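All remarks here apply to the structure that follows.
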Amino acid sequence: MKIIDIINQSDKTVFSFELLPPLKGQNADKLYRTIEELLDFDPKYINITTHRDEMEYRMLPNGLLEKRTIRKRPGTVAIAASIQNRYNVPVVPHVVCGGFTKEETENMLLDLNFMGINNVLALRGDKLKSESIFKPEPGGHAYANELVKQIVDLRQGKYIDPDLKNNTPMDFCIGVAGYPEKHSEATNPDVDLINLKRKVESGADYIVTQMFFDNQKYYDFIDRCRAAGINVPIIPGIKPLSLKNQVSVLPGIFSIDIPEEFAKEVRKCKNNEDARQVGTEWAIAQAKDLVAHNVPCLHIYTYGISDNTKQIAKAAF
Ligand code: FAD
C-alpha cells in the first residue's frame, strides 16, 4: 500500500519508524529483533536508509596510505524487500542522488518495483566526509527535486533510454525531506522553503521532517509551508536522544537546536544510561503532544534501538 493512501485513509495519527541496514559483516538478526519488538504497536510502514560509498585511507605497514572505497551498510534493496515480505508491512527504502548515476538509480528502482515495493523517500544525500561541498556523481542528480522528476517520469513509463518504448510504468509513492530548522546549506529559511516547494511541484506526495526537539519548530514550519502553498502531508520525524554527548553533537550534524531546558537535564546525567532515560522522557512528551495535535504519522528514528522507541510508542498511542 502507498504511504500517501495510508495517511489519507487514517483519521488518527499512525506510527512508523526508520531503520539502518546492518553493517557489512553482520547478518540481519538484530534488525529483525528490533522490528519484532515494535510490531505490537502496529507500524504502518518502515523506512530503510541508504548509505553511499565512502572513501577511507588506511595506513599500510610500509607507512604509505591506501585509499579504499567502502560501503559500510550495503543492501538497502534486499533488506527492504525481506522486511516487507517477512512482516507484511510496507517499506520505504531511501533513494539518494549522491554516489549514484541516473542509470544506477533507474536500476535500483527497477529492482524495487520487481520486488513489489512502491514507496520511496527521494533524497540528495550528504556530502562525502572528505569533501567540503556536495558533489553530484557524474551522470547523477545534483538535487533531490531532479531525482523526484526521474521517479515521476518512471511513473509514466518514461525511462532514460529514449529508444525504450511501451514501457511498464513504475508507480511509486514519493516522500521527500523537509527541515523545520532549515537545511544546513540553505542560505536562509525562505530559500529552503522555495527548494522544498520545488520538490513537491516536481511530484512528491508527502514530506517527512528532519528530527527536532522543540515541537513549536514543527508547528511553525507547517504554518510557513502552508503559507507558501505547500499542501502535502508533513510527517514529523523525532529521534530519542540516546547518548549524553548527542546534546552537543546533534546540533552540529543536523543544524538543529536543542532547547536549554532539555540540554540542562542531559548535562546533569552521570552516564549514557541516565541520558537515555531523560532523552526517552523528552521524546515521549514530544510524541504525546504531536499525537494530541493529530499529526498524520509519528515517525521515529530508531537507529536500530527498540527499547526507547517501544516506550515512546506505548505512551503515545
Ligand atoms: P535537497 O532537497 O536537494 O536540498 C539540499 C540543499 O540544496 C538544501 O539546502 C536546499 O535548500 C538546496 N536545494 C534544493 N534544491 C535546489 C535547487 N534545485 N537549486 C538550488 N538549491 C537547491 N542521507 C543519506 O545519505 N541516506 C539516507 O538514507 C538519508 N535519510 C534521510 C531521511 C530524512 C527524513 C532526512 C530529513 C534526511 C535524510 N538524509 C539521508 C540526509 C539528507 O540526504 C541530507 O540532509 C542532505 O544534505 C539533503 O538532502 P535533501 O534530499 O533534503 O536535499
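Before moving on, here are some points about what is shown:
- The single condition among (1) within 13 Å of the ligand (Cβ to nearest atom); (2) assigned to a helix (DSSP H, G or I) that C225 does not satisfy is (1).
- Matching residues, segment 194-222, being assigned to a helix (DSSP H, G or I) and polar (S, T, N, Q): N195, S202, N215, Q216
- Segment 96-110 - residue that is among the charged types (D, E, K, R) and surrounded by fewer than 16 Cβ atoms within 10 Å (Cβ to Cβ) and, of those, farthest from K72 (Cα to Cα): E103
- Residue match in segment 130-142 (condition: surrounded by fewer than 16 Cβ atoms within 10 Å (Cβ to Cβ), of a type in the set (F, W, Y), near the ligand (Cβ under 10 Å from one of its atoms) and under 30 Å from E56 (Cβ atoms)): yes
- Criterion violated by Y218 - all others in (1) under 24 Å from V91 (Cβ atoms); (2) touching a Pro at 6+ places or on another chain (Cβ under 8 Å); (3) more than 12 Å from the ligand (Cβ to nearest atom) satisfied: (1)
- Test: residue in segment 70-78 that is surrounded by fewer than 19 Cβ atoms within 10 Å (Cβ to Cβ) and polar (S, T, N, Q): no
- Scanning segment 251-280 for residues that are closer than 29 Å to I6 by Cβ and not hydroxyl-bearing (S, T, Y) returns F254, I256, G279.
- Strands (runs of 3 or more DSSP E) wholly inside segment 3-90 containing at least 3 residues that are more than 22 Å from F114 (Cβ to Cβ): 14-19, 54-59, 65-70
- Picking from residues in segment 220-238 that are of a type in the set (A, V, I, L, M) and free of Cβ contacts under 8 Å to residues at least 24 places away in the same chain, the one that is surrounded by the most Cβ atoms within 10 Å (Cβ to Cβ) is I222.
- Subset of segment 250-267 that is within 16 Å of the ligand (Cβ to nearest atom) and part of a helix (DSSP H, G or I) - its residue that is nearest to the chain's Cα centre (by Cα): F254
- In segment 50-103, the residue that is nearest to the ligand (Cβ to nearest atom) out of those that are touching a Ser or Thr at 6+ places or on another chain (Cβ under 7 Å) and of a type in the set (A, V, I, L, M) is V96.
- Criterion violated by G98 - all others in (1) over 16 Å from the mean Cα position of the chain (by Cα); (2) in contact (Cβ under 8 Å) with a residue 12 or more places away in the chain; (3) more than 27 Å from P43 (Cβ to Cβ) satisfied: (1)
- Lone qualifier among V120, V191 - being within 15 Å of the ligand (Cβ to nearest atom) and either surrounded by 14 or more Cβ atoms within 10 Å (Cβ to Cβ) or assigned to a loop (DSSP other than H, G, I, E, B) (or both): V120
- Check on N145, near the ligand (Cβ under 10 Å from one of its atoms), within 21 Å of I234 (Cβ to Cβ) and either of a type in the set (S, T, N, Q) or surrounded by 14 or more Cβ atoms within 10 Å (Cβ to Cβ) (or both): yes
A quick yes/no check of all residues on (1) surrounded by fewer than 15 Cβ atoms within 10 Å (Cβ to Cβ); (2) touching a residue at least 12 places away in the same chain (Cβ under 8 Å):
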site: T209; (1), (2): no, yes
site: Y218; (1), (2): no, yes
site: P240; (1), (2): no, yes
site: N245; (1), (2): yes, no
site: F254; (1), (2): no, yes
site: E260; (1), (2): yes, no
site: C269; (1), (2): no, yes
site: E281; (1), (2): no, no
site: K314; (1), (2): yes, yes
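Each reported figure results from applying straightforward, stated rules to the coordinates on display, with no laboratory input. Just so you know, these numbers come straight off a predicted model, no measurement behind them. Note: ideal-geometry Cβ built from the backbone for every residue, glycine included; neighbour counts use all protein chains shown.
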